[in-house]
Amino acid sequence: MTDPTQAFTLPSEARDFSEWHRGRPRFSVWAIAVDHVEVEQRLEHVRAALEPLLLPGYARQAHVTVHICGFVADEWRQPDDFTPHQLQRQVEAMQALRLEPFRLRIAGAFSFSSAACLAVHDDCGSLARLRDACRSSAPSFDATPFVPHVTAGLYAGAWPMAEIERRLQPLASLPAIDLEVGVLDWMSFDSRHIGETLRTDRQLTLAPRTAAHETRTI
């Protein structure tokens, strides 16, 4: 299903959004890396269906964003800065959950006004628990409603949403692909380039209740 509130897609631009990053080079998120052949194939099918409506050069690897952190900063000066102290508080809050490895289901195609995506279903509610831990342990500037997804690409122009829905309809009801989740990644990207690849800077390993949760810096 496409976004019913929008008649047209919102175009992205391949430029340096200096008014957004204001000289801060890296933006960070907690995310789940999706290294799965079937999911990658499905993403390619979405991109093929929307050719040539997507912005060229989108290089971000498949992932499910769990929580938006902010610009990596040594000290907190602006509302969207994210400091080592905030990171450590979030790590400790998520460790306190003692969350076991869980399963997500990657489903069919749909579209936000700005991006084409695959739907993600979290039947066990683990994403909500992780997000609550992050938000309760460190202030968050992000008030965007959370809809778990895997992004296939960004739009290059203001295209009619009806046309997007028509193109994605054959891919909307595909059977779900199971994704086993055992690691949560703290990732960052170069804020000067839209759609830039993600770099894993720290990992939180989920473990059964009989084992300890581990974190490591990459």
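Every number here is computed from the coordinates shown, using simple stated rules; none is lab data. This structure is a prediction, so every number in the text was calculated from the model and none was measured. Quick reminder, even Gly has a Cβ in these numbers, built from the backbone with ideal geometry, and neighbours come from all protein chains shown.
Extension gain V37-R98, at 0.36 nm per residue separation less the Cα-Cα distance, in nm?
Values: separation 61, 0.36 × 61 = 21.96 nm, distance 2.91 nm.
The span from V37 to R98 would gain 19.0 nm if fully extended.
Would you mind giving the average projected area, over all directions, of the Cα convex hull of the stretch 15-114 in nm² with one decimal? Write out the running numbers ahead of the final one.
On the way: hull surface 35.0 nm².
Across all orientations, the stretch 15-114 yields a mean hull projection of 8.7 nm².
At 222 nm, what helix-only mean residue ellipticity would the chain give, in deg cm²/dmol to the nearest 500, using -39500 (n - 2.57) for each DSSP H run of four or more?
Values: 5 runs with 51 residues, N = 218.
Taken over the chain, the calculation gives -7000 deg cm²/dmol.
Multiply the residue separation of A59 and A162 by 0.36 nm, subtract the distance between their alpha-carbon atoms, and state the gained length in nm to one decimal. Before the final figure, lay out each step's value.
Working: separation 103, 0.36 × 103 = 37.08 nm, distance 2.64 nm.
Here the segment from A59 to A162 would lengthen by 34.4 nm.
Answer with one residue from A115, Y155, S18: the one whose Cα lies farthest towards the positive end of the charge dipole of the stretch 18-209, charges on Cβ with Lys, Arg +1 and Asp, Glu -1.
Projecting each Cα onto the dipole axis, the largest value belongs to S18.
Can you work out the PRE-style zone for E51? Point 7 Å along Cα to Cβ, and I want the residues of the stretch 164-207 with backbone N under 19 Å.
164-172
If the only charges are +1 at each Lys and Arg Cβ and -1 at each Asp and Glu Cβ, what is the size of the charge dipole of the stretch 100-168 around the Cα centre, to the nearest 20 debye? The partial results should precede the final answer.
Details: 7 positive and 7 negative charges, 14 e Å.
Using only the charged Cβ atoms, the result is roughly 60 debye.
Once amide H atoms are built 1.01 Å from N in the peptide plane, which residues 5 or more positions from G108, or in another chain, come under 5 Å H to H?
Those qualifying (amide H under 5 Å, at least 5 residues apart or on another chain) are A119, L174.
Using r as the Cβ-Cβ distance of H193 and H85, and R0 as 25 Å, what FRET efficiency do you calculate, to the nearest 0.05?
Values: r = 28 Å, r/R0 = 1.11.
Approximately 0.35, to the nearest 0.05.
What spacing in nm lies between the two simple spin-label points modelled at V147 and Q169, each 7 Å away from Cα in the Cβ direction?
Using points 7 Å along Cα→Cβ, the separation is 1.9 nm.
Under a point-charge model restricted to the Cβ atoms of Lys and Arg (+1) and Asp and Glu (-1), what is the dipole moment magnitude of the chain relative to its Cα centre, in debye to the nearest 20?
In debye, rounded to 20, the chain gives about 240.
Work out, step by step, the length gained on full extension between D178 and F17: first 0.36 nm times the residue separation, then minus their alpha carbon distance; give nm to one decimal. Write out the running numbers ahead of the final one.
Details: separation 161, 0.36 × 161 = 57.96 nm, distance 3.61 nm.
Result: 54.4 nm gained on full extension.
Can you tell me which of 137-148, 165-176, 53-64 comes out highest on packing, and rank the rest after it, using the mean Cβ neighbours within 10 Å?
On the way: 137-148: 12.7, 165-176: 14.8, 53-64: 16.6.
Peptide ranking by packing, descending: 53-64, 165-176, 137-148.
Taking the inverse of the average 1/r across all pairs of different Cα atoms in the stretch 18-209, what Kirkwood radius in Å do you get?
On the way: mean 1/r = 0.0569 Å⁻¹.
It is 17.6 Å.
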